[in-house]
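The values are calculated or read from the model by the stated rules, or taken from the named source; none is laboratory data. This structure is a prediction, so every number in the text was calculated from the model and none was measured. Neighbour counts are summed over all protein chains in view; Cβ atoms, including those assigned to glycine, are modelled from backbone coordinates with ideal geometry. Just so you know, the surface numbers come from the protein's heavy atoms only, side chains and all, with ligands and any DNA or RNA stripped out. Shrake-Rupley method; radii C 1.70, N 1.55, O 1.52, S 1.80 Å.
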Amino acid sequence: MELTRPAASKGHLGAAVLVIFAAGYLLSSLLRGVTAALAPMFTEQFALSAGELGLLAGSYFASFAFLQLPMGALLDRFGVRAVLVVSLATAALSCVLFAVADSFEGLFGARLLTGVGVSACLIAPLTAARLWTTPALQQRLNSWMLMAGALGLILGTLPSESLASRFGWPMLFLVLGGLFAAVALLVALQAPGHRPAAGVPPHGILRGYASIVRTAHIWRIGALGFFNYAILVAVQTLWIGPWLTQVMGESPRGAALELLYINVIMLFVFLVMGYLSPRFLASAEDGEQVLRRWTPASIVLLVVIAALGARADWYLFALFCVAAWPLSVTHPLVGQRSQPAEAGRAIAFFNLLLFVGVFLWQWGFGALVSALAPEVGVEAAYRLAVGALAALSLAGYLVFVTGARVVTIRAQDARPAASPVKDRS
């Protein structure tokens, strides 16, 4: 399969390049979610509290978010290949440093560097897709990239836990470092380069964001990213595991197996939606309609989980993740609402909102549980924390919906009034 942008361009996306991009995102997703499966090991070896565990996992997202604005500008200025090679090489180094860390501070620093290293693994392929494919195919490629991410999350559950139990978690991270280095080399050899699109500012990494932050759509869709999508990622990549072990009483191996089930389900969801999405997501308007109609289902499921407490088993979290699938259309939607020359920066700004949210909710969830558990018990603390996530998700959805109405009303008000018809009688 070869996907090309308009004939004026010499760039192209071949199947081999897409596989390489997917491999990089797979590895980044594995690192994103592996802390959930390995949390008992880190907690035991380094005597981590729930708050420290949330801070360790969330540090990935903090540095990831910090790099989004510079990364988007660099993508628009220097192209996908150059930026992604440096990014993946940094990720390889971070894995080695994580493997040799012997303290919480060492783990934290290496995890921060990991967020820096993987900061281009999704926005670089999506920027290439925005430049070289149609809107319908952008949604398909987005779903397939997320399918690769789901496979990475699968490998970050029971397979990673099993390897870490057998060979030690440092060896696992050394292997991951080698794999990142190999993908960086393949990107350097196979990915096409491209010249900056017309309108890309030649100087100043952050200068080109002024026009982006003034657009209404970036804040409306960004509200879903900062709240709803960020909460989905925070729960899926960390807090499902501790819920299963501390609320449900599962063993670490049992929790890792159930996390694997959840991510296998999501892999198939993204695979199927990758095939179907061009049929019902042919335009930006289609994407917004899907978000308006289906996002409330995931909010309701968070409320159900909080209400059931210890009776909320892994399959309810799986259902929550499936119900939240429409949130995955937000990345291509931002690109479609933006000019091609601004695609990298627009997607990067959205990613900034998304991963700042992930850091806040992942760390804040743990801090809230740590603060409440001594007073109300572990189960009640987790239930209250999930309830707080549901309330935040509702806030994000309301901003998205009401913001769309405000934009529509303003657009109608801006239309010129019809000329009065003169009475000729």
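Per-residue answers, yes or no, for (1) within 30 Å of TYR382 (Cα to Cα); (2) crowded, with 24+ Cβ neighbours inside 10 Å; (3) free of Cβ contacts under 8 Å to residues at least 60 places away in the same chain; (4) basic (Lys, Arg):
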site: MET71; (1), (2), (3), (4): no, yes, no, no
site: PHE78; (1), (2), (3), (4): no, no, no, no
site: ALA99; (1), (2), (3), (4): no, no, no, no
site: GLU105; (1), (2), (3), (4): yes, no, yes, no
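It is to be established whether one or more residues within region 367-385 are under 22 Å from the mean Cα position of the chain (by Cα) and of a type outside the set (A, V, I, L, M, F, W, C).
No, because not a single residue in region 367-385 is under 22 Å from the mean Cα position of the chain (by Cα) and of a type outside the set (A, V, I, L, M, F, W, C).
Take the residues in region 243-281 that are modelled with pLDDT of 90 or more and open to solvent by less than 10 Å² (accessible area, probe 1.4 Å), then tell me which one is farthest from TYR382 (Cα to Cα).
The qualifying residue farthest from TYR382 (Cα to Cα) is ILE262.
Just the residues that are of a type in the set (A, V, I, L, M) and under 19 Å from SER103 (Cα atoms), please, taken from region 38-66.
Hits for region 38-66 are LEU38, ALA39, MET41, ALA47, LEU48, ALA50, LEU53, LEU55, LEU56, ALA57.
I need the full set of residues from region 17-49 which are touching a Pro at 6+ places or on another chain (Cβ under 7 Å), crowded, with 21+ Cβ neighbours inside 10 Å and closer than 16 Å to THR245 by Cβ, in order please.
ALA39 - this is the single residue of region 17-49 that is touching a Pro at 6+ places or on another chain (Cβ under 7 Å), crowded, with 21+ Cβ neighbours inside 10 Å and closer than 16 Å to THR245 by Cβ.
Which residues, taken from region 333-351, are farther than 17 Å from VAL83 by Cα and either outside any helix (DSSP H, G or I) or open to solvent by 10 Å² or more (accessible area, probe 1.4 Å) (or both)? Lay out the reasoning, then the answer.
Here is the first cut: in region 333-351, the ones farther than 17 Å from VAL83 by Cα are 333-340, 350.
Of everything in region 333-351, those that are farther than 17 Å from VAL83 by Cα and either outside any helix (DSSP H, G or I) or open to solvent by 10 Å² or more (accessible area, probe 1.4 Å) (or both) turn out to be GLN336, ARG337, SER338, GLN339, PRO340.
What single numbered condition from (1) within 16 Å of THR215 (Cβ to Cβ); (2) more than 18 Å from the chain's Cα centre (by Cα); (3) in a helix (DSSP H, G or I) fails to hold for LEU316?
The failed condition is (1).
Just name the residue that is farthest from PRO332 (Cα to Cα) out of those in region 354-401 that are of a type outside the set (A, V, I, L, M, F, W, C) and open to solvent by less than 20 Å² (accessible area, probe 1.4 Å).
TYR382
Out of all the residues in region 5-13, is one or more open to solvent by less than 50 Å² (accessible area, probe 1.4 Å), part of a helix (DSSP H, G or I) and either at pLDDT 85 or above or farther than 30 Å from LEU259 by Cα (or both)?
So far as region 5-13 goes, no, none of its residues is open to solvent by less than 50 Å² (accessible area, probe 1.4 Å), part of a helix (DSSP H, G or I) and either at pLDDT 85 or above or farther than 30 Å from LEU259 by Cα (or both).
Starting from region 27-54, keep only residues that are under 16 Å from LEU112 (Cα atoms), then list their pairs with residues that are among the small types (Gly, Ala, Ser) and open to solvent by 10 Å² or more (accessible area, probe 1.4 Å) whose Cβ atoms are within a distance under 6 Å, requiring at least 6 positions of separation or different chains.
Listed by first residue and then by second, the contacts come to nothing, as the list is empty.
Checking ALA82 against (1) more than 20 Å from GLY344 (Cα to Cα); (2) in contact (Cβ under 8 Å) with a residue 40 or more places away in the chain, only one condition comes out false. Which one?
The number of the failed condition is (1).
With the checklist (1) farther than 16 Å from ALA216 by Cα; (2) of a type in the set (Asp, Glu); (3) surrounded by fewer than 17 Cβ atoms within 10 Å (Cβ to Cβ) in hand, flag the one item GLU285 doesn't pass.
Only one criterion in (1) farther than 16 Å from ALA216 by Cα; (2) of a type in the set (Asp, Glu); (3) surrounded by fewer than 17 Cβ atoms within 10 Å (Cβ to Cβ) is unmet by GLU285, namely (1).
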